[in-house]
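I have placed the structure first, in the form of structure tokens, so that the comments after it can refer back to it.
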Amino acid sequence: MHCLEAARLAPSAENVQPWRFGFVDDPIVKTKLVKHAFSGIYRATRWAEQAPVLVVICARLDVVANRLGKQMTGIDYYLIDIGIAGEHFVLQAQELGLGTCWIGWFSAKGVKKALHVPKSYRPIALLAVGYPRQNSVRQRKRKVIKNIHFYNEYGQ
């Protein structure tokens with residue numbers, strides 16, 4: 001619940017708080033979810049079934065903040081909101097010693113079917129959550145700071 005509380009406190013466009021978090025830990029339900037979410041071209045993500053818990057992050061699309069906002073700016077604010085809330089969740093999980101993996105490669109239709117997600121909600125991301133194996137975290141090469149910022153004007 002600490003992770004969910006951290007996500008709940010995330011900011012969102014117009015304070016819509018479009019996120020809904022589903023937790024799947026029942027082996028039968030998880031197998032059904034994996035079958036529907038990670039089949040066909042999404043098969044490469046099937047490893048997620050090994051995680052003790054799969055978290056499904058869905059967005060409830062609000063008319064003002066999401067549909068009208070996108071028409072005016074071209075930005076899908078709900079995706080930003082879900083990203084912020086999801087990262088709050090992930091950071092709190094890290095603080096608690098849990099490992100997570102953000103999964104974006106899955107069938108949203110499959111998730112909706114497997115979990116009976118209502119039409120007004122859109123699955124945006126899945127999180128595989130569990131305790132990491134010792135020495136299982138790979139260090140990935142990161143860009144150096146001088147290559148990821150600018151001051152006042154781009155190129156300066």
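The values are calculated or read from the model by the stated rules, or taken from the named source; none is laboratory data. On a predicted model such as this, the values are computed, not experimentally measured, just so you know. Note that we place each Cβ from the backbone using ideal geometry, even for glycine, and neighbour counts take in every protein chain shown.
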Out of the residues in the stretch 55-82 that are in contact (Cβ under 8 Å) with a residue 24 or more places away in the chain, out of contact with any Phe, Trp or Tyr (no Cβ under 8 Å at 6 or more places or on another chain) and not hydroxyl-bearing (S, T, Y), state the one that is surrounded by the fewest Cβ atoms within 10 Å (Cβ to Cβ). V64
Boolean, T45 is over 23 Å from R8 (Cβ atoms) and β-branched (V, I, T): yes
Looking at (1) crowded, with 16+ Cβ neighbours inside 10 Å; (2) within 17 Å of the chain's Cα centre (by Cα); (3) within 18 Å of Q17 (Cβ to Cβ), which is the one condition that is false for S107? (3)
Scan A48, A10, A6, A85 and give me the residue that is in a helix (DSSP H, G or I), among the aliphatic types (A, V, I, L, M), touching a residue at least 24 places away in the same chain (Cβ under 8 Å) and farther than 24 Å from K109 by Cβ. A6
Among the candidates V117, V111, V129, residue that is touching a residue at least 12 places away in the same chain (Cβ under 8 Å), at negative phi and in contact with a His (Cβ under 8 Å, 6 or more places away or on another chain): V111
Take G40 and tell me if it is on the phi > 0 side of the Ramachandran plot and exposed (fewer than 14 other Cβ atoms within 10 Å of the Cβ). yes
Please work out if Q92 is in contact with a Cys (Cβ under 7 Å, 6 or more places away or on another chain), over 16 Å from L126 (Cβ atoms) and not in a strand (DSSP E or B). yes
Provide a single number: the residues in the stretch 109-156 that are assigned to a loop (DSSP other than H, G, I, E, B), among the hydrophobic types (A, V, I, L, M, F, W, C) and more than 24 Å from I82 (Cα to Cα). 3
Of the residues in the stretch 23-37, how many are assigned to a helix (DSSP H, G or I), of a type outside the set (D, E, K, R) and in contact (Cβ under 8 Å) with a residue 12 or more places away in the chain? 6
Take the residues in the stretch 41-78 that are of a type outside the set (V, I, T), over 25 Å from R133 (Cα atoms) and at pLDDT 95 or above, then tell me which one is farthest from the chain's Cα centre (by Cα). A59
Which one is modelled with the lowest pLDDT among residues in the stretch 14-37 that are farther than 19 Å from A108 by Cβ and surrounded by fewer than 18 Cβ atoms within 10 Å (Cβ to Cβ)? E14
Of the conditions (1) of a type outside the set (F, W, Y); (2) assigned to a helix (DSSP H, G or I); (3) without any contact (Cβ under 8 Å) to a residue 60 or more places away in the chain; (4) surrounded by 15 or more Cβ atoms within 10 Å (Cβ to Cβ), T100 fails just one. Which one is it? (2)
